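Here is the structure we will look at.
No value in this document is a laboratory result; all are computed from the given coordinates. Being a predicted model, the structure only gives us computed values, none of them experimental. Heads up, the Cβs are rebuilt from the backbone with ideal geometry, glycines too, and the neighbour counts pull from every protein chain shown.
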């Protein structure tokens with residue numbers, strides 16, 4: 001019954017893909033009891049249905065591969081049996097730190113079949129980051145690429161490791177798992193609310209939060225993402241995001257395969273706009289979702305020179321500049337459609353196909369979501385905190401945050417607060433205003449200022465620090481630190497270089513502070529730093545401050 005309920009909800013959205021009013025009014029989240037998406041949907045409906053021998057995953061570039069739904073089902077069965085032989089049991093946490101290689105998808109499916117909980121991790125993590133995540137997430141097994149196995153040196157030796165690629169001492173070879181039997185028998189039933197994914201996400205404290213999703217909230221919840229992206233069976237879908245982050249699961253796993261589309265990946269040693277545009281053309285990509293940074297790089301090329309099979313183009317992460325949208329429309333006749341969601345949810349708000357797109361707007365509430373804008377007193381307003389109504393509770397809302405004791409703090413009350421602020425016009429279109437707290441985006445990654453400030457004050461020269469976003473033409477923003485020096489330290493090149501070296505040794509590349517300025521920090525009467533004042537100053541700045549030091553100023557840091 002659960003599979004039929006899921007299929008009916010999915011088919012309804014596919015049928016109404018350009019009729020927003022009907023889709024929004026008529027859609028209901030499926031009622032699920034026992035449900036394992038990998039077994040009940042991927043294996044049963046995709047790998048044995050009419051799409052069975054169609055490509056499910058195509059990778060070009062490094063790690064090139066093409067696997068059908070049938071083949072991926074078989075491979076993931078073998079991996080599931082191999083993981084079970086190593087001791088993986090229902091509920092065990094398995095940290096997966098892989099790039100865009102076929103084993104990433106095979107392990108995700110295999111873990112799901114076993115009832116294990118996947119803890120996705122970016123390959124950008126340092127050994128220290130990794131050790132902390134293994135401890136906090138209570139990880140029992142780790143899967144990583146051979147090239148990254150050295151980062152596991154700080155882990156307890158009792159944690160089994162599986163290495164993809166060359167043989168590594170102390171690690172089980174991933175190839176051994178693929179030698180197991182091709183038939184898989186689950187050890188029991190999977191409840192729809194059983195845990196499936198545990199994501200780390202930036203927060204307002206030094207430590208990222210742990211977001212727990214179930215076998216229903218993400219696999220089934222991404223029906224809303226499928227609808228926003230405009231996916232259809234047989235599409236070739238490219239989503240540009242890095243493994244380890246929730247958006248990768250959104251649009252490189254669940255949403256495409258909910259629709260029966262092929263996930264397309266173009267791996268490049270370094271991002272190259274022309275090379276990626278060639279890959280999109282040569283592989284018949286029909287639907288594309290890319291962050292603003294990529295779109296801004298794309299328009300540096302003559303897009304009209306590429307004759308594309310694209311039908312849908314989307315942007316996510318932050319609002320796109322109107323001139324970028326216009327240049328793409330002029331070249332390809334397609335309008336980039338924005339959308340909005342979080343690690344804690346699926347796509348909540350968006351511009352689905354066939355609907356008018358208002359410049360700067362992230363769209364309207366997607367089917368299955370009721371969005372309220374509330375002020376500080378919980379009154380509905382035209383501009384306020386973006387909140388999801390929880391009566392009835394949308395299926396995709398996370399189970400909750402894992403606390404330090406290992407328990408789950410559930411999402412209770414009448415609404416779930418996203419922490420963002422938006423305005424709504426008379427037609428129901430929502431426009432993003434900003435974060436309610438201090439988190440910001442840099443190169444499409446969410447940055448927690450408090451986390452960076454905590455590292456900064458470990459340096460003996462730093463008495464206090466405040467991190468804010470500084471505008472950047474390519475990355476949209478980069479982390480900038482305003483620093484009050486400790487007694488006995490002087491502002492200047494030597495001190496700046498020492499601080500940059502300190503940061504590079506302790507932070508993953510995507511988190512690095514790229515600019516610093518020595519200054520007295522503005523404070524409230526109670527002594528709290530007024531970051532809002534610093535942010536406004538950076539946003540209004542038209543030229544570089546004379547007292548600012550940038551990472552690029554130091555040739556000795558390059559390379």
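Our summary of shape: the Cα atoms of the stretch 371-528 have principal axis extents of 58, 41, 37 Å, ordered from largest down, in whole angstrom.
Mean projection of the alpha-carbon convex hull of the stretch 161-205 over all orientations, in nm²? It would help to have the intermediate numbers written out before the result.
Numbers: hull surface 26.5 nm².
Across all orientations, the stretch 161-205 yields a mean hull projection of 6.6 nm².
Note: the stretch 135-281, Cα convex hull, 196 Å³ per residue. Along each principal axis, taking the top coordinate minus the bottom one, the Cα set of the stretch 242-343 gives 32, 28, 27 Å in descending order. Of the peptides 271-279, 160-168, the order by per-residue mean of other Cβ atoms within 10 Å, starting with the highest, comes out as 160-168, 271-279. Compared with the direct C-alpha span, the chain from residue 300 to residue 391 gains 28.1 nm at full extension, assuming 0.36 nm per residue. Distance between the pseudo-spin-label points of residue 541 and residue 332 (7 Å out from Cα toward the beta carbon): 3.4 nm.
Separation of the stretch 487-559 from the stretch 302-332 is 35 Å, based on Cα centroids.
Cα centroid separation, the stretch 84-148 to the stretch 1-35: 31 Å.
For the stretch 440-557, the Cα gyration tensor yields ellipsoid semi-axes of 19, 18, 14 Å (square root of five times each eigenvalue, largest first, whole Å). Convex hull volume of the C-alpha atoms in the chain, normalised per residue: 162 Å³.
A crude spin-label estimate for the pair residue 50 and residue 268, with each label 7 Å from Cα along the Cβ direction, gives 3.7 nm. Distance distribution note for the stretch 57-208: the fraction of Cα pairs above 25 angstrom is 26%. Shown is the FRET efficiency for residue 494 and residue 4, computed with R0 = 56 Å from the Cβ-Cβ distance and rounded to the nearest 0.05: 0.20.
Could you work out the percent of alpha carbon pairs in the stretch 359-435 separated by over 19 Å, rounded to a whole number?
Working: 1187 of 2926 pairs.
Of all Cα-Cα distances in the stretch 359-435, 41 percent exceed 19 Å.
The peptide list 87-95, 73-81, 447-455, put in order of mean Cβ contacts within 10 Å with the highest first, becomes 73-81, 447-455, 87-95.
Roughly what would the spin-label model give for residue 31 and residue 309, points 7 Å off Cα along C-beta, in nm? Taking the two extended label points, one gets 4.1 nm. Its relative contact order, with pairs defined as Cα atoms under 8 Å and 6+ residues apart, puts the stretch 418-530 at 21 percent. Here the relative contact order of the chain, from alpha carbon pairs under 8 Å that lie six or more residues apart, stands at 11 percent.
In whole percent, what relative contact order does the stretch 1-145 give with Cα contacts below 8 Å and a gap of six or more residues?
Reported relative contact order: 20 percent.
By the Kirkwood approach, averaging reciprocal distances over each pair of separate Cα atoms, the stretch 1-141 gets a hydrodynamic radius of 17.2 Å.
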